[in-house]
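What follows is a short report on a single structure.
The values are calculated or read from the model by the stated rules, or taken from the named source; none is laboratory data. Since the structure is predicted, the reported quantities are computational estimates derived from the model, not experimental observations. Please note: Cβ atoms are built from the backbone with ideal geometry, for glycine as well, and neighbour counts cover all protein chains shown.
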Amino acid sequence: MADTGFPNWHGTTIVGVRRGGRVVVAGDGQVSLGQTVIKGGARKVRRLNPGGHEVVAGFAGSTADAFTLLERLETKLEAAPGQLQRACVELAKDWRTDKYLQKLEAMLIVTDGADLYVVTGAGDVLEPEHDVAAIGSGGMYALAAARGLMETDADAETVARKAMAIAADICVYTNGNLTVESIGGG
């Protein structure tokens, strides 16, 4: 990757937890530029409602790139209402093959309350094992914590919040200022 002269942006941790017919997506609010915290209250988890079918999405990476991807995902969902997997596959296909989209630097966690996917610019649409997905700077910390917490009786929101707290304690690019969205039954 060529050096653009811009310092590296860091500062996102997103975790998705599916349990008991419900999916919770939680994201921290920190955006960092190098060693400096630029913003502590960014909202990186959003609720979408294309065609009356509710979806929750969390993003890591460049904010402008993520918003572009969210707009594209909404368009795909409007074309295939209620078909999250199909919309994600179509988005990933476009992302991988379109010259403009190929340059976007972001990742998404998306859910409709039943399915949970990680969508990447490499053309991946991943359905995580163990009902937990995580992305971003502190993603692996949150993933490990959530996987361990899934062995308890805690509900999806408790698992997500505790996993994010653990990630925030370990990753300097993650804070405890959370946005939490849930979708699904029970």
Exercise. Output yes when any residue across the range 62-75 is surrounded by fewer than 18 Cβ atoms within 10 Å (Cβ to Cβ), modelled with pLDDT of 85 or more and hydrophobic (A, V, I, L, M, F, W, C), and no when none is.
Key: yes
Quiz prompt | Matching residues, the range 20-45, being in a strand (DSSP E or B) and either touching a Pro at 6+ places or on another chain (Cβ under 7 Å) or surrounded by 21 or more Cβ atoms within 10 Å (Cβ to Cβ) (or both) | solution = V23, V24, V25, A26, G27, S32, L33, V45
Quiz prompt | Enumeration of residues in the range 103-115 that are surrounded by 23 or more Cβ atoms within 10 Å (Cβ to Cβ) and modelled with pLDDT of 95 or more | solution = I109, V110, T111
Self-check item: Filter result for the condition that a residue is touching a helix residue (DSSP H, G or I) at 6+ places or on another chain (Cβ under 7 Å), under 17 Å from R46 (Cβ atoms), surrounded by 15 or more Cβ atoms within 10 Å (Cβ to Cβ) and of a type outside the set (S, T, Y), over A146, A80, A87
Solution: A87
Quiz prompt | Residue that is surrounded by the fewest Cβ atoms within 10 Å (Cβ to Cβ) [pool: residues in the range 125-143 that are at negative phi and over 14 Å from the mean Cα position of the chain (by Cα)] | solution = E129
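Conditions (1) in contact with a Cys (Cβ under 9 Å, 6 or more places away or on another chain); (2) modelled with pLDDT under 95; (3) farther than 15 Å from V15 by Cβ, marked per residue:
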{"position": "P81", "(1), (2), (3)": "no, yes, yes"}
{"position": "L91", "(1), (2), (3)": "no, yes, yes"}
{"position": "L101", "(1), (2), (3)": "no, yes, yes"}
{"position": "D131", "(1), (2), (3)": "no, no, no"}
{"position": "L149", "(1), (2), (3)": "no, no, no"}
{"position": "D155", "(1), (2), (3)": "no, no, no"}
{"position": "Y173", "(1), (2), (3)": "no, yes, no"}
{"position": "V180", "(1), (2), (3)": "no, no, no"}
{"position": "G185", "(1), (2), (3)": "no, yes, yes"}
Quiz item: So is G52 under 16 Å from I135 (Cα atoms), small (G, A, S) and either modelled with pLDDT under 95 or buried (at least 22 other Cβ atoms within 10 Å of the Cβ) (or both) or not?
Solution: no
Exercise. Looking only at the range 169-178, decide whether some residue is under 29 Å from A87 (Cα atoms) and either under 14 Å from the mean Cα position of the chain (by Cα) or touching a residue at least 12 places away in the same chain (Cβ under 8 Å) (or both).
Key: yes
Exercise. Could you please give the count of residues in the range 27-60 that are closer than 17 Å to D94 by Cβ and out of contact with any helix residue (DSSP H, G or I) (no Cβ under 7 Å at 6 or more places or on another chain)?
Key: 0
Quiz item: What about D94, is it without any contact (Cβ under 8 Å) to a residue 40 or more places away in the chain, acidic (D, E) and under 27 Å from G52 (Cβ atoms)?
Solution: yes
